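Written below as structure tokens is the structure these notes are about.
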Amino acid sequence: MATLHIDPTQLSFERPRTRRYIIASYWLVVLFAIPLWWKTTSIDRLSLPTSRVYAQRKREVSFPITVNLETKDGGNAAAIAREVQSCLRMDQAVQQGSAIDITVTSGDKSNASYNVVLNRGNHEPSAEGRRLYFDMYPEDDQLSHDTSVARLASTLSELLAPYGTYSGSAIQSQRVMKYAPRYRLAFTLLNEDAASGNGALAWDVQKAIQRHVSPLLNKLSVLHNFTIESQVQFHAPLAFEPRYIQQDGGDVHGLTHEDLTVFVNSAEWTLSSSASNDPVIHFVLFIPSSKHSPLHILEEDGVSVNPSNAFLLPQWGGIVLHNPSHPPSSTLNPLPRLALSDLDLIFNTFAYQLLTLLGVPGLPPRVQSVSAAEGAPPEPFTDWELDALLRRRAVENVWGSTETLESIVRLVDQIEGMPVGPDVKGDVQDALSALDDVHETSRSSPIAALKASARALTLSSRAFFNPGMLALLYFPTEHKYAVYTPLFASVAAPLVGAVLREIAAWRRARKAAQAQQQQQQERRPGERAKVD
């Protein structure tokens, strides 16, 4: 039986022209698909108001302050106001970066931000609300007068600009919490080992908070909203062994300054029980076990005992060590409850730590509140301190917002593939508008300026941490090549190879045709000769 042999080159799809049409069709599909791929993989990169962002660095927030002087003894308040104004102009703490513009006047009590009542005497200055009572030295000589004016100018400087300068390192205090519209205050009673008989099962925390902390929170409500939580833990071991020393003929366990930095045993202590993104300020009352009791804080020499049993952890919270006065129970029955009388001194310390962590400046050493001077319970803090804190927080927020916006612009410039969507651009523009509101409202209302600055800080932070931007923050160009190369190489290699093979085949066919034509031309003269 005969076998039929078919030449592959005679097949229709193996013909050179047909094969080239097929290869060209693949390339046409690829070329038409490139715009679609480019559109679906392109990054939305809107332009940002870069010039407006960098212009914010040159703008300074200014809070105009008017201080009115009035005298009770008929003295020349106008002359004293001019002298105090002259002294304040030479005060570097007021003039350099304090964000305030002080004007001292007389006879303008209704429109003044603050009022100073001058009298003759030797009493220390006292503050009440936004009023300051200041005694000028009773002597009438010029030296005594100049000394009184200098004292008054210095007192006003310390009251109105207690932080020195708001810019640079003065803003980033090591102890003060970073600004947040909301805070959670977590009060925790920690027993190192309640089973040892030297512990407490409960405490009158609600009454203690109501007496010592609530007045502060009410006055600070213009800056923050607070949420309070409390808990009791019965087993909170230390992560280290306190130092054992002899003090006044007794055994004492002490904590060195190095121990205080690692006092919080985060691995075994659960100090926050709520799930929230709000910053937490912790206040811990620690009762040592009978094994480590009494527990005290040591001085820097590591031998003598510090009179205070409280310490502060910067930007975290405060801790108070409590050594119960009763002897440890031999029946393993701990102290049932810490009464309000036991907690008064402790929560008074917590209140002071709270003010420190929130940046309340406090009055100058020689200035006291009127209520404290009269022997009545003092107000939490004066309006002088509250206003200074408002101004400080507003300026901090402006600086933080400006730095965040500049970081966004720099990142977008440095990373070409970073997307900038409408939400990011909108937040940046809204943050800049909020910063404009800060500069406008700072001349009329520090509270409004603070709210605008908080809005600017929130919007700039939201733009910086936008998920669309963070996705490519750590995605360099090399990663893009690593993703696309395996995909396109597997497709492009056979297509490019087919084109190269067809080119090579076309060149071979062309050479063969040229050779054949040349042979025919060489053969024709010989044939003509035979004919002749």
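The values are calculated or read from the model by the stated rules, or taken from the named source; none is laboratory data. These numbers were taken from a predicted model, which means no experiment stands behind them. Positions of Cβ are backbone-derived with ideal geometry, glycine not excepted, and every protein chain shown enters the neighbour counts.
Scanning the stretch 241-296 for residues that are touching a helix residue (DSSP H, G or I) at 6+ places or on another chain (Cβ under 9 Å) and among the aliphatic types (A, V, I, L, M) turns up I281, L285, I287. Scanning the stretch 109-129 for residues that are acidic (D, E) and not in a loop (DSSP other than H, G, I, E, B) gives a single hit, E128. Return the residues of the stretch 433-462 that are crowded, with 20+ Cβ neighbours inside 10 Å and either at positive phi or touching a Leu at 6+ places or on another chain (Cβ under 7 Å) (or both); say none if nothing qualifies. Answer for the stretch 433-462, where residues must be crowded, with 20+ Cβ neighbours inside 10 Å and either at positive phi or touching a Leu at 6+ places or on another chain (Cβ under 7 Å) (or both): A434, P446, L450, A456, S460. Residues that are touching a helix residue (DSSP H, G or I) at 6+ places or on another chain (Cβ under 8 Å), surrounded by 14 or more Cβ atoms within 10 Å (Cβ to Cβ) and modelled with pLDDT under 90 within the stretch 324-360 comprise P328, P334, listed in sequence order. Taking the options N198, N265, name whichever one is touching a residue at least 12 places away in the same chain (Cβ under 8 Å), assigned to a loop (DSSP other than H, G, I, E, B) and within 32 Å of the chain's Cα centre (by Cα). N265 is the lone residue from the list that is touching a residue at least 12 places away in the same chain (Cβ under 8 Å), assigned to a loop (DSSP other than H, G, I, E, B) and within 32 Å of the chain's Cα centre (by Cα).
Yes/no matrix, rows are residues, columns are (1) farther than 21 Å from P181 by Cα; (2) in a loop (DSSP other than H, G, I, E, B); (3) more than 30 Å from the chain's Cα centre (by Cα); (4) at pLDDT below 95:
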residue	(1), (2), (3), (4)
E229	no, no, no, yes
I245	yes, no, yes, yes
H253	yes, no, yes, yes
T270	yes, yes, no, yes
S274	no, yes, no, yes
D301	yes, yes, yes, yes
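Across the stretch 201-214, the number of residues qualifying as assigned to a strand (DSSP E or B) and surrounded by fewer than 21 Cβ atoms within 10 Å (Cβ to Cβ) comes to 2. Among the conditions (1) in a helix (DSSP H, G or I); (2) within 30 Å of E440 (Cβ to Cβ), E60 misses just one, which is (1). Here E70 meets the list (1) among the acidic types (D, E); (2) modelled with pLDDT of 85 or more; (3) more than 21 Å from A127 (Cα to Cα) almost entirely, failing just condition (3). Can L132 be described as farther than 30 Å from D427 by Cα, under 37 Å from the mean Cα position of the chain (by Cα), at pLDDT 90 or above and not in a strand (DSSP E or B)? So L132 does not fit the description; no. Among the residues of the stretch 276-299, those that are farther than 22 Å from Y352 by Cβ and outside any loop (DSSP other than H, G, I, E, B) comprise S290, K291, H292.
Residues considered: Y183, Y179. Of these, the only one that is in a loop (DSSP other than H, G, I, E, B) and modelled with pLDDT of 90 or more is Y179. Candidates in the stretch 281-297 are the residues that are in contact with a His (Cβ under 8 Å, 6 or more places away or on another chain) and not small (G, A, S); of these, the one that is farthest from N198 (Cα to Cα) is H296.
Given the residues L354, L363, which is the only one that is in contact with a Leu (Cβ under 7 Å, 6 or more places away or on another chain) and closer than 30 Å to P215 by Cα? Only one candidate passes the filter, namely L354. Please go through the stretch 235-290 and give me each residue that is among the hydroxyl-bearing types (S, T, Y) and surrounded by 14 or more Cβ atoms within 10 Å (Cβ to Cβ), ordered by number. T256, S272, S289, S290 - these are the residues of the stretch 235-290 that are among the hydroxyl-bearing types (S, T, Y) and surrounded by 14 or more Cβ atoms within 10 Å (Cβ to Cβ).
Taking the criterion of being closer than 30 Å to Q429 by Cα and either over 43 Å from the mean Cα position of the chain (by Cα) or touching a residue at least 40 places away in the same chain (Cβ under 8 Å) (or both), the residues of the stretch 27-51 that qualify are I43, D44, R45, L46, S47, L48, P49, T50.
Among the residues of the stretch 432-446, are any at pLDDT 85 or above, of a type in the set (A, V, I, L, M), over 30 Å from L354 (Cβ atoms) and not assigned by the TED database to the domain that holds L220? Yes, there is a match, as at least one residue in the stretch 432-446 is at pLDDT 85 or above, of a type in the set (A, V, I, L, M), over 30 Å from L354 (Cβ atoms) and not assigned by the TED database to the domain that holds L220.
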